[in-house]
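Accompanying notes for the structure given below.
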Amino acid sequence: MMKWNRHTLLFVIILAFMVALPMPLWAQSYRAPRTPDDRPDLNGIWQALGAVHWNLEGHSAGPAPLAELGAIGAMPAGLGVVEGGRIPYQEWAAVRQKENFTNRLQLDPAVKCYLPGVPRATYMPLPFQIVQTPEYIFIAYEFAGASRTIYMNRPDMEAPVDTWMGHSRGHWDGETLVVEVTNQVADTWLDRAGNFHSEELRVVERYTPQSPYHLLYEATITDAKVFSKPWTIRVPLYRRVEENIQLLDFRCVEFAEELMYGPLSSEPQDDK
C-alpha cells in the first residue's frame, strides 16, 4: 500500500476541495455579449495559464528531461485539472504512460512540431484565436500554425479520414459552445507527461463564458481502448487584452529538422 507523508496528504485534500467547489454565482449568471445571430460572442485571442500543458494531473516540480537545460527546462508544479484527480487508465495503459514520461524527450510528438490535436492544442503555452460565424467557428493556434473548423450546421457530417486535429461538429447549449471531436489519429499526446490515447478517442468540449475576460473550458475524454471510463478536465482560458494583440508565427518545423533528420537536414543559410 502506498504511504503518504503529511504534506502529500494535505496537498490531496486541498486539491479535492478545490475540484468540489461549485461555480461562483457571478459566473453562473454571466451573459456574454451577443453576435448578430444572438449567440455568445467568443471572438478573440485566448490562452491557458499555469502548468497544465506539462501534466494534466497534479504534480510536483521536476527536473528537465535533459540535464543541460537546467532550471529553464524544469517542470513547474501544478495542481492538476482532472476531475477526481487521476486519469482512469487501464492497467496496461498506465504502464505505457510511465514509459512515455521517461522517454518524453524522444517520444513527445510536439518535440518534432507535429500538430498537437484536441484537447492539447487548447492549453499549449501559446495563444489561439476564435473566429465565429453562424455556420462555422474557426480556431487558429499559434503552435505549429495548427487550425481547425467547427461545423455548426452539419450534425450528420462525417470525416473522410482521420487527421491530427480531428473532425469537429458543434452546437449551442444555452451560453455554452459544445463541440464533439472525433477522427483523430492516435499519434498525439494529451500533455508533456506522456498521457496518451488511441484512435478511438472522442472528445466533447464545452466553452462557457464566465466574464468578459475568461472562458471555462471543459473536455470530456472517452477512449474505451485506453481508459476504464470517461473523464473530464476543466481549464480556465484568459482573454489576451494587450493593445494590438495578434497571433504570431511559431511554425516550428525548421527548429526540429536537425532532431528529425540529422545530417539530411538543410544547411543553415548565411544571412549575409
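The table below lists the values:
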{"item": "Residue list for region 104-118, restricted to those being in contact (Cβ under 8 Å) with a residue 40 or more places away in the chain and within 17 Å of Leu66 (Cα to Cα)", "result": "Arg104, Leu105, Leu107, Asp108, Pro109, Ala110, Val111, Lys112"}
{"item": "Matching residues, region 20-48, being of a type in the set (S, T, N, Q), closer than 27 Å to Met124 by Cα and at pLDDT 95 or above", "result": "Asn43, Gln47"}
{"item": "Listing of strands (runs of 3 or more DSSP E) fully contained in region 140-219 that carry 1 or more residues being aliphatic (A, V, I, L, M)", "result": "147-151, 176-182, 202-211"}
{"item": "Boolean, Gly62 is under 26 Å from Met165 (Cα atoms) and not hydrophobic (A, V, I, L, M, F, W, C)", "result": "no"}
{"item": "Which numbered condition Arg192 misses (of (1) more than 30 Å from Lys98 (Cβ to Cβ); (2) touching a residue at least 60 places away in the same chain (Cβ under 8 Å))", "result": "(1)"}
{"item": "Unmet criterion (only one of (1) closer than 23 Å to Asp38 by Cβ; (2) of a type in the set (D, E, K, R); (3) touching a helix residue (DSSP H, G or I) at 6+ places or on another chain (Cβ under 7 Å)) for Asp191", "result": "(1)"}
{"item": "Answer from Trp46, Trp92, Trp54 - the residue that is of a type in the set (Phe, Trp, Tyr), outside any loop (DSSP other than H, G, I, E, B) and closer than 27 Å to Ile245 by Cα", "result": "Trp46"}
{"item": "Which numbered condition Met2 misses (of (1) touching a strand residue (DSSP E or B) at 6+ places or on another chain (Cβ under 7 Å); (2) in a loop (DSSP other than H, G, I, E, B); (3) modelled with pLDDT under 90)", "result": "(1)"}
{"item": "Residue that is farthest from Leu201 (Cα to Cα), among those in region 95-118 that are part of a loop (DSSP other than H, G, I, E, B) and under 17 Å from the mean Cα position of the chain (by Cα)", "result": "Cys113"}
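The values are calculated or read from the model by the stated rules, or taken from the named source; none is laboratory data. For clarity, every value in this text was computed on a predicted model and none was experimentally measured. Positions of Cβ are backbone-derived with ideal geometry, glycine not excepted, and every protein chain shown enters the neighbour counts.
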